[in-house]
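Below: the structure, in structure tokens.
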Amino acid sequence: QVHIVESGGGSVQPGGSLRLSCTASGSGVSLRAVGWYRQAPGKQRELVADVIRGDFIYYAESVEGRFTISKDDAKNTVYLQMNDLQAEDTAVYYCTMGGGVYWGQGIQVTVTS
């Protein structure tokens, strides 16, 4: 059975940084297609960044240049480095692995002064 655990969320001031981590336990999880989504209050869940086919990376326009997705296959872990955070980045962030088969429970990121 696969279990996804996210960490690294919290509260930060505008301009600050956070790094989210997402680790899969259990065997058979492919990291060729992984991603991060987010859902702000009252809004639909949106794709923030993903890696497909192992190395093709996509970023939402709203985060490009500020966020970086990366992965460590040996650790079964996906990261989202978030820099220059703004109030509009406040949301619950979700990790997905295996091309959308596995999802984390969500982790809160709050950007406030």
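The values are calculated or read from the model by the stated rules, or taken from the named source; none is laboratory data. Everything numeric in this text was worked out from a predicted model, so none of it was measured. No Cβ is skipped: glycine too gets one built from the backbone with ideal geometry, and neighbour counts run over all protein chains shown. The accessibility values were calculated without ligands, DNA or RNA, using every heavy atom of the protein model including side chains. Shrake-Rupley method; radii C 1.70, N 1.55, O 1.52, S 1.80 Å.
Values computed for the structure shown
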quantity: Relative contact order (percent, whole number), the chain, Cα cutoff 8 Å, 6+ residue spacing; calculated: 37
quantity: Accessible area per residue in Å² at 1.4 Å probe, computed on the chain; calculated: 53
quantity: Share of carbon and sulfur in the accessible heavy-atom surface of the chain [1.4 Å probe, %]; calculated: 47
quantity: Nearest-0.05 FRET efficiency for Gln105 and Asp73, computed from C-beta distance (R0 22 Å); calculated: 0.50
quantity: Binned Cα-Cα distances of region 14-77, short to long, each 5 Å bin given as a whole percent; calculated: 4, 15, 24, 25, 19, 10, 5, 0
